[in-house]
1. How many residues are touching a residue at least 24 places away in the same chain (Cβ under 8 Å) and either touching a helix residue (DSSP H, G or I) at 6+ places or on another chain (Cβ under 9 Å) or over 21 Å from PRO80 (Cβ atoms) (or both) if we restrict to the range 28-52?
2. Mind checking which residues of the range 90-100 are in a helix (DSSP H, G or I) and touching an Asp or Glu at 6+ places or on another chain (Cβ under 7 Å)?
3. Out of all the residues in the range 40-60, which are open to solvent by 80 Å² or more (accessible area, probe 1.4 Å) and in a helix (DSSP H, G or I)?
4. State whether the residues of the range 81-91 include one that is in contact with a strand residue (DSSP E or B) (Cβ under 6 Å, 6 or more places away or on another chain), in contact (Cβ under 8 Å) with a residue 24 or more places away in the chain, open to solvent by less than 40 Å² (accessible area, probe 1.4 Å) and of a type outside the set (A, V, I, L, M).
5. List every residue pair whose Cβ atoms sit under 9 Å apart, with the two residues 6 or more apart in sequence or on different chains, where the first one lies in the range 112-130 and is assigned to a helix (DSSP H, G or I) and the second, anywhere, is aromatic (Phe, Trp, Tyr) and surrounded by 11 or more Cβ atoms within 10 Å (Cβ to Cβ).
6. If I filter the range 93-110 for residues that are closer than 28 Å to GLU138 by Cα and more than 14 Å from the chain's Cα centre (by Cα), do I get at least one hit?
7. Please go through the range 21-34 and pick out each residue that is closer than 16 Å to ASP101 by Cβ and in a helix (DSSP H, G or I).
8. Do you know which residues across the range 92-141 are open to solvent by 100 Å² or more (accessible area, probe 1.4 Å) and of a type in the set (A, V, I, L, M)?
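The values are calculated or read from the model by the stated rules, or taken from the named source; none is laboratory data. Predicted, not measured: the structure shown is a model, and the values here were computed from it. FYI the Cβ positions are ideal-geometry reconstructions off the backbone, even for glycines, and counts take in every protein chain you see. Areas reflect the complete protein model, heavy atoms only, side chains present, ligands, DNA and RNA absent. Shrake-Rupley method; radii C 1.70, N 1.55, O 1.52, S 1.80 Å.
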Amino acid sequence: MRDQFPFAVARVTRRWRKMLDERLKDLGVTQARWSTMVYLEKGGEGLTQRELASLMAIENPTLVRLLDSLEQQGLIERRPCPNDRRARRLHLTSAGRAFMDDLSERAETLREEMLEGISEKDIECTVKVFHKILENAEKQK
């Protein structure tokens, strides 16, 4: 089972992204854009791009493209940082906050469909295992 594990995780991840992209298509948002907004919302508005990239564990140039598209859609805005003229703080717009309600509802529906028939205990165990794997991965840096 250990040799199958990484492939199973990859398949589940790809399937989640594909299905969520399909459900968000009419809104003009991909799973990547949605997750960027979720991290911004959960991480606390006013994060810098660097802080958000670190939180999401992605490279800054990748994040910049996502933020550019979200800004063009009027869902986020970059505001000057009072302590650092070079930095910009990220904020959801009022349209972005309203948009998050719809996005989150669709994602929650998909999540419940994908987790159907799986007990809370099994989900809790799985999440603990993933956290341990990430902890082990951090030691390898």
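1. The total comes to 14.
2. Within the range 90-100, MET100 is the sole residue that qualifies.
3. LYS42, ARG50, GLU51, SER54, LEU55
4. yes
5. Matching pairs, first to second residue: MET114/TRP16.
6. No: the range 93-110 contains no residue that is closer than 28 Å to GLU138 by Cα and more than 14 Å from the chain's Cα centre (by Cα).
7. Listed by number, the residues that qualify are ARG23, LEU24, ASP26, LEU27, ARG33, TRP34.
8. Answer for the range 92-141, where residues must be open to solvent by 100 Å² or more (accessible area, probe 1.4 Å) and of a type in the set (A, V, I, L, M): just LEU134.
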